[in-house]
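First up is the structure itself, then whatever we jot down about it.
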Amino acid sequence: MGVGIEVKDLNAWYGSTHTLRDIHLNIPANHATALIGPSGCGKSTFVRCLNRMHETNPIARVTGTVKIGDLDIYNDVSPVVIRRRIGMVFQRPNPFPTMSIYDNVASGLRLNGFRNRQALDEIVERSLRRAALWDEVKDDLRRKSGASISGGQQQRLCIARALAVDPEVLLMDEPASALDPISTAKIEDLIFHLKSEYTIVIVTHNMQQAARVAEKTGFFLNGQLVEFDATTKIFTNPSDKRTEDYITGRFG
Amino acid sequence: MSGKLAERDVVNDRESPDSPGLAAPRLSVVRQYLNAQSDSAGSDGFFKTLMLASALTIFAIVLFIFLELAWQSRMAIAHFGISFLYRSAWNPVSGDFGARPFIYGTLVSSLLALLIAVPLSVSTAVFITEMCPIPLRRSLSFLTELLAAIPSVVYGLWALVVLVPLLRTGINPFLMRTLGWTGFFEGPDYGVSMLAAGIILAIMILPIISSITREVMSTVPQSQREAALALGATRWEMIRISVLPNARLGIAGGVILGLGRALGETMAVTMVIGNRPEIARSLLAPGYTMASVLANEFTEATTNLYLSALIEIGLVLFLVTIVVNALARLLIWSVTRGASSRMA
């Protein structure tokens, strides 16, 4: 089951560029939350701050607090521990090309020293089923490389890989932007089914996508969170003029 | 294409019959210029021929070297036949020659060099690309590359003055005490030895392997590193599951280049290997390599048979290099084809 996320006074920098300014936000557990906004508005940086991926860049810096459930991720624990509780799916599918499909899905558990073969088999199958990929790959699990399947399948493989460790939060950074409409529809379908069990945060450029999958939507602009509300409210009756301009296509 | 163009111009004319200056079909300056260009097939053909000629030149040179070596060594080939390859005799006075100790020396010293250099240079590359603080990175990679620029005779001198005494007084006695039972470290300790040659070769091939490894590791996409990190990998785990597997082909290429250099290296090896054409199990015993015997004895070869035997050594070195390279490539190909089913 997922947990909620509480963000307070979050500021982030790349070098001297102030990419996130004073973000306050409560993301509800076991729901999908979409983050929208024009390119460069800080929404990707924001999700990368939620699992401390932002700081893997040597010139990046973060201040403020982020609580995942009861855990203050910047003060209580190491980034490794936090990332083991939070799954992440990136914009471009990034399966490990030298591993088989099976090993890709198992990689997160094996990193943690999980060695029970039978349980591993079950988890791999369950994760691939959840990612709606099982039927397409079940005959080549150990034979095919993670990079030998199509782009849409690779992205679902990456979702399966993230799900295999049973994360409490699933972060998705524009997971469908490199995919064709059919694969995109499959990924959206997936998010729709997964959101009752996981807390999902999805960054997207596609406003229809946000409207289709998310209960809550946040609008970012120039590193600030302009508005955060129920998705229906954001798309039908936003309270901020800038949000309205953006969703009606007047800029961005 | 020109037909289509004309048609459009006609349409244009009909649509604006009154526009001044459009009475005749008029093309833009860019279109006029591009339409007047030839299809460049001629220059393409010339380029292709030039490239083909360059590629064939390489083949021709290799073939020519081989033929010349074979021709010059015909006397030794006729005299000793295939037994030249496995006979251990090397007696210029009685005219009795065999290449076995030299083949052994070349292979063992190169293998020893790889055993020492590969872990060291891959670790160096991992440190420089993945762990080193950025300000230190550039100077450190410059220093490793500087090693490649030192002439081999300087390496030889250093080995003779520093490495050999160090081996004799410090390292070899220790090896004899602790690993003497294996038989690889025993017998009289001269300092100059197969081990000394292997170590100096390792130092010489380290920059090649290390810089190629560094290069390919820096081309591993950031998304691969992030994939591992997002799963909760520590830095070392990230290197193990995403950087090294993605770079393994390039690393293997670097190892092959290093091996090539080790097989053919002459000067530094000649100065420290001891130059005795004997096969000994102990790495502390002196040995001899094919390249070294050529360098040492070519000017002293007094009889035609002696000279011919030396040139046949050159021919064997040439063939051994090709065979070892081919085997190394085959090994890499068989290990890396398709998806590996194991966790890398």
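Using a 1.4 angstrom probe on heavy atoms only, work out the carbon and sulfur share of the accessible area of the stretch A:131-217 in %. Looking at the stretch A:131-217 in its full context, I get 50 percent from C and S. Taking Cα centre as origin and charging only the Cβ of basic (Lys, Arg, +1) and acidic (Asp, Glu, -1) residues, the dipole magnitude of chain A rounds to 500 debye. Over chain B, dividing the summed -39,500 (n - 2.57) contributions of all DSSP H runs of at least 4 residues by the number of residues returns a 222 nm mean residue ellipticity of -21500 deg cm²/dmol. Which of A:220, A:228, A:96 ends up with the largest GNM mean-square fluctuation for chain A, with Cα atoms connected below 10 Å? Sorting by GNM fluctuation, first place goes to A:96. Quick one: of A:43/A:233; A:195/A:233; A:8/A:186; A:43/A:195, which pairs are farther than 22 Å apart, Cα to Cα? Too far apart for the 22 Å limit: A:8/A:186.
Using a 10 Å cut-off on Cβ atoms, rank the peptides B:205-211, B:173-179, B:240-246, B:38-44 from the highest mean neighbour count down.
B:205-211, B:240-246, B:173-179, B:38-44
Which net charge results for the neighbourhood of residue A:73, defined as the other residues with beta-carbon distances under 10 angstrom from its beta-carbon, given Lys and Arg at +1 and Asp and Glu at -1? Combined, the nearby Lys, Arg, Asp and Glu give +2.
Taking a sphere under 11 Å around the Cβ of residue A:95 and counting the other residues whose Cβ falls inside, with K and R at +1 and D and E at -1, yields a net charge of +3. The H on the amide N of residue A:227, modeled in the peptide plane, is under 5 Å from the matching H of A:219, each at least 5 residues off or on a different chain.
Hey, what D do you get for chain B in µm²/s if you plug the Kirkwood alpha-carbon radius into Stokes-Einstein at 37 °C and 0.692 mPa s? The Stokes-Einstein estimate is 132 µm²/s. Which distance in Å, rounded to a whole number, links the C-alpha centroids of the stretch B:167-225 and the stretch B:242-314? Using only Cα atoms, the two centres lie 16 Å from each other.
Entry note, chain A: the mean residue ellipticity at 222 nm calculated from DSSP H runs of n ≥ 4, each adding -39500 (n - 2.57), is -10500 deg cm²/dmol after division by the residues and rounding to the nearest 500.
Within the accessible area of the stretch B:74-343, what % is carbon and sulfur when the probe is 1.4 Å and the other protein chains stay in place?
Taking all protein chains in place, the stretch B:74-343 shows 69 percent carbon and sulfur surface.
The mean count of C-beta atoms from other chains within 10 Å of the C-beta of residues in A:153-162, rounded to a whole number, is 1. Spatial offset of the stretch B:89-120 relative to the stretch A:49-101 amounts to 53 Å, using the alpha carbon center of each.
Top mean-square fluctuation among B:247, B:262, B:197, Gaussian network model of chain B, C-alpha springs under 10 Å? Judging by the Gaussian network model, the answer is B:247. Each peptide among A:163-176, A:128-141 gets the average number of other Cβ atoms lying within 10 Å of its residues, and from highest to lowest they stand as A:163-176, A:128-141. Entry comment: accessible area of the protein assembly as shown is 49 Å² per residue, from protein heavy atoms only and a probe of 1.4 Å.
Of the DSSP H helices in chain A, none is both long (alpha-carbon extent of 30 Å or more along the helix axis) and hydrophobic (Kyte-Doolittle mean at least -0.5).
Evaluate 2.2 N^0.38 Å with N set to the residue count of chain A, then give the Cα radius of gyration divided by it.
1.00
A cut-off under 13 angstrom between Cβ atoms defines the neighbours of residue A:233, and their net charge, with Lys, Arg +1 and Asp, Glu -1, is -4.
For chain B, the membrane-span-like helices by this rule, meaning whole DSSP H stretches whose C-alpha atoms cover at least 18 Å of axis and whose Kyte-Doolittle mean is 0.5 or above, are B:41-72, B:100-126, B:134-149, B:194-218, B:244-264, B:304-336; this says nothing about an actual membrane.
Neighbouring Cβ atoms from other chains, within 10 Å of the Cβ of residues in A:83-90, number 3 on average. Buried surface for the A/B pair, taken as the accessible area of each chain alone minus that of the pair with a 1.4 Å probe, is close to 2100 Å² in total.
So which trypsin sites (Lys or Arg not before Pro) in the stretch A:69-119 are both in a DSSP loop and have at most 13 other Cβ atoms within 10 Å of their Cβ? When the trypsin sites (Lys or Arg not before Pro) of the stretch A:69-119 are filtered for loop state and at most 13 Cβ neighbours within 10 Å, A:115 remain.
Neighbouring Cβ atoms from other chains, within 10 Å of the Cβ of residues in B:213-226, number 2 on average. Highest mean packing first, where packing is the average number of other Cβ atoms within 10 Å per residue, the peptides A:239-247, B:252-260 line up as B:252-260, A:239-247. Each listed q (0.08, 0.11 Å⁻¹) maps to a log10 I(q)/I(0) for the protein assembly as shown from the Debye sum over equal C-alpha point scatterers, namely -0.81, -1.04.
The values are calculated or read from the model by the stated rules, or taken from the named source; none is laboratory data. These figures come from a predicted structure and were not determined experimentally. Neighbour counts are summed over all protein chains in view; Cβ atoms, including those assigned to glycine, are modelled from backbone coordinates with ideal geometry. We work out accessible area using only protein heavy atoms, side chains counted, and drop any ligands, DNA or RNA first. Shrake-Rupley method; radii C 1.70, N 1.55, O 1.52, S 1.80 Å.
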